[in-house]
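Data block below; observations after.
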Amino acid sequence: MAEAVANVARRVNATVEEGKDYLDLSNCKLISFPDGVFKVLTSVSKDIRVITLADNEMKVISSKLFSTFTNLRELDLQGNVLTKLPDAVAEMQHLTSISLAKNSFSVFPDKLTEIATLERINLEGNHITEIPVDKLCEMPALKWLNVRANPLDSNTLSALQSPRSFEVLT
């Protein structure tokens, strides 16, 4: 555990000290986003464009993540055990890419359809049966949706077969 904490501290400090526009906390055995990290990153939170929290053990994402990192462009949460996102995700006005692959979603995170800038959504390897295809078609920037390895129902599959303004991987 101490090694994991030290690893997180090193990565956060490197982001601050080197003025990086990304924060990589992948493979850190995190079960949640550490509250202390918000405090350390206060001075640079507006500069962070990419956050990677892949391959941890996170069950929940705090809405504080979205209210702190308001200029986020890419968020990688793949390989966790998430089942939902906070409603605050809809407030991400610059987010272009989100990866939620290999999590435990059984319901499509509807709030994603409210993000006008979102171009790429990766939901591969979850437990989703239905997708709000009509809402996705109304997303102005959406270019790519990956829903491979989900037990999609037949209605959703047939709706996804129709020509779309975005690429769909099923």
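The values are calculated or read from the model by the stated rules, or taken from the named source; none is laboratory data. Please read all numbers here as calculations on a predicted model, not as lab measurements. Positions of Cβ are generated from backbone atoms using ideal geometry, with glycine treated the same way; all protein chains shown enter the neighbour counts. Quick note on the areas: whole protein, heavy atoms, side chains included, nothing else; ligands and nucleic acids left out. Shrake-Rupley method; radii C 1.70, N 1.55, O 1.52, S 1.80 Å.
Structure data summary
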quantity: Exposed GluC sites (Glu not before Pro) absent - longest run of the chain, DSSP non-H/G/I/E/B, at most 15 other C-beta within 10 Å; calculated: 58-129
quantity: From the C-alpha gyration tensor of the chain, square roots of 5λ in Å; calculated: 30, 17, 12
quantity: Solvent exposure, largest accessible area first (probe 1.4 Å, DNA, RNA and ligands not counted), of LYS20, LYS39; calculated: LYS39, LYS20
quantity: Full-extension gain in nm, SER154 to THR117, via 0.36 nm per residue minus C-alpha separation; calculated: 10.4 nm
quantity: Order of exposure, largest accessible area first, which applies to ILE31, ILE48 with probe 1.4 Å; calculated: ILE31, ILE48
quantity: Ellipticity estimate at 222 nm from DSSP helix runs (n ≥ 4, -39,500 (n - 2.57)) divided over the chain, nearest 500; calculated: -6500 deg cm²/dmol
